[in-house]
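Data first, discussion second: the structure below is written as structure tokens.
The values are calculated or read from the model by the stated rules, or taken from the named source; none is laboratory data. What you are looking at is a predicted structure, and each value in this text was computed from that prediction instead of being measured. Every residue, glycine among them, receives a Cβ derived from its backbone with ideal geometry; neighbour counts consider all protein chains shown.
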Amino acid sequence: MNASANLPAKPSDNPDSHTMPLIEHLMELRKRLIFSIAALIIAFGVSMSFAKEIFAFLVVPLEKAERAAGHPLQPMIYTQLTEAFMTEMKVAFFSAAFITFPIFANQLWKFVAPGLYRHEKRAILPFLFAAPVLFFMGGALAYYVIMPMAWKFFLGFQTTGVEGSIPIQLAARVGEYLTIVMQLIFAFGLAFQMPVLFILLARVGVISAKGLAEKRRYAIILVFIFAAVVTPPDVISQLSLAVPMCILYEASIIGARFVEKKREEETAAEANDTSADDTDFNAA
């Protein structure tokens, strides 16, 4: 008698056991996209109702920098008729995208998960939770640390106009200010995804900790280039992004070593289980 016939089936552990035709995959993808976009639209509508308050929150670092520099608070201006309205629209969309990022990640996971083995799900699931957390941490670093330092640096170029010279004062445009803020927050949020990406690739065997360590010097160069492109053109902002990214790269190497060791242990355990099953089968 075949001993393997007595083993219970595990359809949830084998993605091939519940395959779907292409049309059903497309229907499932459409359902996930509709749910995600609906969440984005709802969040956009709610954020639009609080757009002025959200923008006031984003302006706080500039206000604090002006007070710290001893400058009087200057009104923000707009120079195009539709600029103020479009800025509120951008604020609402920015807030909605920031809030619904975990929802998009969750829907992507629900679409991909049925095609994964159980051990693959266990490997990827922690990264699904880590990605939004690191994204919010990067955004918080940009808002609470980077912006105050950068705004203080730029406000230092204002002059009072001594000895009959024309004073130079900041008259910030609402649209330009929002663009810089969004660029910083999303740049830091995406940069903080680096450990998630590298450790996940190491978990599935695409890259290795040794390879990351050997390419450290090239990674540092690319990090500083990325920081120079996405941050304002001052050394403080660029270093404030480049240094944490270098630290995160080192953390990625440590994490890759850990998951490689764990993958080797799982492979050895599976090999032992297979040997045991073969022994039982031969005995039967």
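Consider residue 204 carefully, then state whether it is without any contact (Cβ under 8 Å) to a residue 40 or more places away in the chain and among the β-branched types (Val, Ile, Thr).
Considered against the rule, which asks whether it is without any contact (Cβ under 8 Å) to a residue 40 or more places away in the chain and among the β-branched types (Val, Ile, Thr), residue 204 comes out as no.
Assigned to a helix (DSSP H, G or I), surrounded by fewer than 16 Cβ atoms within 10 Å (Cβ to Cβ), of a type outside the set (Ser, Thr, Tyr) and under 25 Å from the mean Cα position of the chain (by Cα): is that true of residue 48 in this structure?
no
For residue 78, which of the numbered conditions (1) more than 24 Å from residue 130 (Cα to Cα); (2) within 22 Å of the chain's Cα centre (by Cα) fails to hold?
(2)
Take region 168-225 and flag every residue that is part of a loop (DSSP other than H, G, I, E, B) and either surrounded by fewer than 20 Cβ atoms within 10 Å (Cβ to Cβ) or among the polar types (S, T, N, Q) (or both). Before the answer, list the steps.
Of all residues in region 168-225, those part of a loop (DSSP other than H, G, I, E, B) come to 169-172, 192-193, 204-208, 215.
Selection gives 169, 170, 171, 172, 193, 204, 205, 206, 207, 208, 215.
Restricting attention to region 114-167, which residues are at pLDDT 75 or above and not in a helix (DSSP H, G or I)?
Residues satisfying the conditions are 156, 157, 158, 159, 166, 167.
Assess whether residue 81 counts as being part of a helix (DSSP H, G or I) and out of contact with any Ser or Thr (no Cβ under 8 Å at 6 or more places or on another chain).
no
Determine which single condition residue 72 fails, assuming it passes every other condition in (1) surrounded by fewer than 14 Cβ atoms within 10 Å (Cβ to Cβ); (2) at pLDDT below 85; (3) outside any loop (DSSP other than H, G, I, E, B).
Failed condition: (3).
Out of everything in region 113-155 that is of a type in the set (Val, Ile, Thr) and touching a residue at least 12 places away in the same chain (Cβ under 8 Å), what residue ends up being farthest from residue 242 (Cα to Cα)?
124
Going through region 62-96 one residue at a time, which ones are touching a Leu at 6+ places or on another chain (Cβ under 7 Å) and in contact (Cβ under 8 Å) with a residue 24 or more places away in the chain?
Matches in region 62-96: 65, 66, 69, 71, 74, 87, 90, 91, 96.
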